[in-house]
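Scroll down for the structure; my scribbles are underneath it.
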Amino acid sequence: MNCNCSHAKHARIVKLEAMLDIHTLHTLCQLSRDHCVGICAFLVPANMIITTQTLIFTGFRRPHWQPVITAIAAFSYATILLLHVWTWFMIGVVMAPTFILMFLALVCVGINLWAIVNPASLSYLLRWLAQTGKDFFDGFAYKHT
């Protein structure tokens, strides 16, 4: 008899913990939606700046640990942004900004993953783009004859 009572008590505790977890998740999601402008105002530029920093480190062929560190930071920002967008999808908000933010986060993840997995090919592409842009704008330069 004592065993059943202990089991029932354990079941109530597990149920209470599950309710607290769901309540905590609901509270965090509501907090994310309530502060959407502030969250996006920080995460979007931060994600773009840190991804640009990864591109700069890769393009200038810095030691491999430097782009890895910035990529880890970018993954963190992108993950938080994706979780934020997910809170809007959870309540059925399907609008252009949610898809744009999701696309931005996924592009940043892709670029940073590329910088970690194959930095040589990314560096080659960046150098080619820089040279092509330089050649393009040199065509507009005033040529003194």
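The values are calculated or read from the model by the stated rules, or taken from the named source; none is laboratory data. Quantities reported herein were computed from a predicted structural model and do not represent experimental measurements. Every residue, glycine among them, receives a Cβ derived from its backbone with ideal geometry; neighbour counts consider all protein chains shown. Protein only, heavy atoms only, side chains kept; ligands, DNA and RNA dropped before computing areas. Shrake-Rupley method; radii C 1.70, N 1.55, O 1.52, S 1.80 Å.
Where does helix 2-34 land angle-wise versus the long Cα axis of the chain, in degrees 0 to 90, nearest 10?
Long axis of 2-34 versus the principal axis of the chain: about 40 degrees.
Would you kindly state the longest site-free stretch of the chain, with sites defined as chymotrypsin sites (Phe, Trp or Tyr not before Pro) in a DSSP loop (not H, G, I, E, B) surrounded by at most 15 other Cβ atoms within 10 Å?
Result for the longest clean stretch: 61-139.
Using the Kirkwood radius over Cα pairs, work out the Stokes-Einstein diffusion coefficient for the chain at 25 °C and 0.890 mPa s, in µm²/s as a whole number.
Estimated diffusion coefficient is 130 µm²/s.
Which value, in Å² and to the nearest 10, is the accessible area of M102 when all protein chains are kept and the probe is 1.4 Å?
It works out to around 60 Å².
State to the nearest 20 debye the size of the charge dipole of the chain about its Cα centre, where the only charges are +1 on K and R beta carbons and -1 on D and E beta carbons.
200
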